[in-house]
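Rule-based calculations on the coordinates, nothing more; no lab input. Treat the numbers as computed from the prediction; the structure is a model and nothing was measured. So basically every Cβ, Gly included, is an ideal-geometry build from the backbone, and we count neighbours across all protein chains shown.
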């Protein structure tokens, strides 16, 4: 392995270099640089979350030869910092906040402050040594933001619909109908904007058409999947299933053999995948046969549907990887 000057360095030399944890908020960045393996005290900083201060921080990280920076995903607030560091060549990992909190509890850190969180993230970087992220495409981020906004509107629509009932006062009923019409209009506007962005990118458009070729999956759903799962077609079947959270996880200890369950991964994608698998079972003969075969063999509805979710995801992953559209296979080969 080579360092920035082109000289070879051993793995032990690399691992002994400082790591940093950064707690991100809207206004302030709390930084903890762990230099313990070099026999030096840690460096603690608190700076404003501005472009100018981030550039100054970048200089300090390079001066301390920080080999890895870990921060939590905090909505929009972490994106500028992560983007600057990644584009500048500083290895950076954006961590799920739940994973960071679980790591803190495992080390006995039950308190939670900005400075403690920064030190926990640095210790995570040192102990776990996660694989750094790759720089995000600005267009991909913008597309993901549109999908996130659409998801929020869909949740609002469900909430407003659930609040509506026949016994509502006339004024409340009129307002509820107006609100639902407004939400529907905004969802339609977002769908058109998402479709235009997908169509303007040849790679995205091709992926969307491949996904849309499976019976039961419409163009809007295909566009959303392209936006929220850019890894589709880039990982193997085990990796993509674990990323989304539909891989069966072992629950064994000694002679005890527990029931396999799914968990972790990306919950929003998993919810979308459930609806897509449900439609595939209804409208695609291959998935209908696969689902009925599992049910006939005694599998519970939930277990069979989860298996269909995983099968659909793996199938889509392979189709995108090989640039192949759907072709209805022989039913006997579907299992």
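Annotations for the structure displayed:
- Highest-MSF residue in the chain out of 18, 169, 215 [GNM, Cα springs under 10 Å]: 169
- Those residues of segment 113-147 whose amide nitrogen sits under 13 Å from the label point placed on residue 25, 7 Å along Cα→Cβ: 113-118
- For the chain, the orientation-averaged shadow of the C-alpha convex hull comes to 24.2 nm² (one quarter of the hull surface).
- Taking only Cα atoms of segment 11-128, radius of gyration then Dmax in Å: 13.1, 37
- Distance (nanometres) between label positions extended 7 Å along Cα→Cβ at residue 176 and residue 289: 4.6 nm
- Segment 11-128, relative contact order [Cα under 8 Å, separation at least 6], %: 34 percent
- Segment 184-235 - Rg and Dmax from Cα coordinates, angstrom: 11.0, 37
- Among 56-69, 217-230, the peptide with the highest mean count of other Cβ atoms within 10 Å heads the list, and the full ranking is 217-230, 56-69.
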